[in-house]
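Read the structure below first, then the notes.
The values are calculated or read from the model by the stated rules, or taken from the named source; none is laboratory data. None of these values were measured; they are calculated from a predicted model. When we count neighbours, we look across all protein chains shown, and the Cβ atoms used for this are built from the backbone with ideal geometry, even at glycine. SASA here: full protein model, heavy atoms, side chains in, ligands and nucleic acids out. Shrake-Rupley method; radii C 1.70, N 1.55, O 1.52, S 1.80 Å.
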Amino acid sequence: MTNNPNENVIVRTITPLTIRQIQLSTESEGNTFKIDKEFVMNVSLVGTVIKVINGNTYTNYTIDDGTGQLKIREFKRNKQNNMIDQEEQEQEQEQEQVNEEKKKSEQIQNPFENKYVRIIGNLKAYKKQKSFSVNKIMEITDSNQITTHFLEAILVHIQRINGVSNQGQTTSQESQIKEEKIEIKKETNKNKNNNIITQQNTDHILGLALKDKALRLISSNQTSSGISLQELSKKLKSTEEEIREIVDFFLDQGQIYITIDDEHFRSTD
Amino acid sequence: MSSATPRINFKYLSQFEGKTVRIAGKVGEKQGNNVILHTTDNGQVIVDRSQNLKKSYETNNVEVLGVWKNNQLSELTFFNLSDNFDFDTYNQMIDLSMEHKEIFM
């Protein structure tokens with residue numbers, strides 16, 4: 001981990017990934033990994049559980065998300081709901097696994113087996129290998145979460161390879177984000193009992209795409225008076241209120257400035 | 001490294017002859033050991049279920065994982081999908097995944 005506090009904040013966010021990305025990740029300092037040039041630790045995955053091995057202190061899952069397979073581990077909690085000490089249990093790991101594989105194969109089927117699940121966990125290095133430790137595993141009941149997860153993974157990937165950070169700041173290079181192709185309908189779930197997380201994720205992706213479009217329009221305007229709030233609102237097909245929120249964000253970040261009045265803006269680049 | 005089983009729809013089938021893929025859609029009529037799957041992009045795929053007959057589809061929408069060969073999908077396994085599954089958004093996701101194969105295959 002570096003001394004840069006901003007990078008510490010980034011590592012703590014949850015990054016939606018595919019297993020393929022995890023397979024391609026490179027180990028970096030502080031037991032973390034880099035994917036698309038960014039430090040990654042907390043990860044969300046969506047896939048199907050194809051194998052379960054139960055141990056006394058942990059459960060091993062093999063997950064397949066269509067891009068690859070990954071073995072992950074969920075440590076069980078003791079009676080005080082504390083995570084059983086990882087080091088303590090890993091000392092017994094090898095001996096347990098051989099015995100348990102024979103016994104546990106006849107156990108009652110794990111409820112997640114052959115089902116789609118969402119996993120939140122930590123990706124770290126352990127004995128020079130990639131290790132994925134599960135914080136939460138949940139069965140997916142609204143299948144639109146599968147779609148949303150992969151859309152999020154694509155969006156984050158595009159933003160990172162084009163140099164847009166989690167805070168929505170661009171580098172000096174021109175952004176080539178293809179967000180105009182991510183036309184996610186707001187009524188993705190037509191059922192009234194929609195999963196709130198799915199809708200929130202969809203709105204979040206749309207919000208990020210709109211910010212990036214606004215910044216590009218402001219940056220591309222070369223007139224001395226800059227581009228107006230009304231013009232932005234018209235071109236982005238959004239209300240002036242929504243555009244005002246976006247320009248206020250960029251003003252605070254120092255990426256744009258006011259010109260002839262507080263409704264005209266130019267990029268600081 | 002395990003090989004990928006990419007999610008595709010009807011329009012991409014020709015690119016995956018002989019490959020193991022995932023195709024989602026609405027369950028249609030049965031024809032012996034076969035089932036017609038109406039794909040998310042309005043195509044029709046014949047699914048040969050002879051290797052997986054013991055398990056029945058439990059929902060109207062399913063994702064079938066199988067080998068695409070000779071105009072037929074030989075089912076290896078399947079996953080039930082919820083009835084509110086949005087086909088249009090799923091198709092858009094597939095299109096984008098094809099543009100960004102580097103994180104999918």
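So the values come out like this:
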{"quantity": "Interface residues in segment A:113-160 - accessible area drops by 40 Å² or more relative to the isolated chain, probe 1.4 Å", "calculated": "A:N114, A:Y116, A:S143, A:N144, A:T147, A:F150, A:L151, A:I154, A:H157"}
{"quantity": "A:D36 long-range amide H proximity, modeled H, under 5 Å", "calculated": "none"}
{"quantity": "Charge-dipole axis of segment B:7-104 as Lys and Arg at +1 and Asp and Glu at -1 on Cβ define it, positive-most pick from B:G25, B:M98, B:S56", "calculated": "B:S56"}
{"quantity": "5 angstrom amide H check on A:Q69, placed H, neighbours 5+ away", "calculated": "B:S2"}
{"quantity": "q = 0.15, 0.27, 0.28, 0.29 Å⁻¹: log10 I(q)/I(0) that the Debye formula gives for segment A:210-251, counting C-alpha atoms only", "calculated": "-0.29, -0.97, -1.04, -1.11"}
{"quantity": "R0 of 22 Å, Cβ-Cβ distance A:I120-A:Q23: FRET efficiency to nearest 0.05", "calculated": "0.70"}
{"quantity": "Theoretical FRET efficiency, 1/(1+(r/R0)^6), r = Cβ-Cβ of B:E58 and A:D261, R0 56 Å, to 0.05", "calculated": "0.35"}
{"quantity": "Carbon and sulfur %, accessible surface of chain B computed with the full protein complex present, 1.4 Å", "calculated": "44 percent"}
{"quantity": "Å² per residue, accessible surface of segment B:7-104 at 1.4 Å", "calculated": "47 Å²"}
{"quantity": "B:T77 long-range amide H proximity, modeled H, under 5 Å", "calculated": "B:L65"}
{"quantity": "Anisotropy class of segment B:7-104 from Cα gyration tensor, a/c 1.5 cut", "calculated": "oblate"}
{"quantity": "Too-long pairs where the Cα-Cα distance tops 20 Å, listed order kept, from A:K51/A:K136; A:K51/B:K101; A:K237/B:K101", "calculated": "A:K51/B:K101; A:K237/B:K101"}
{"quantity": "Area hidden from solvent between A and B (accessible, protein heavy atoms only, 1.4 Å, total, Å²)", "calculated": "2900 Å²"}
{"quantity": "Stretch gain in nm, segment A:T141-A:E245, where the contour uses 0.36 nm per residue and the Cα spacing is subtracted", "calculated": "34.0 nm"}
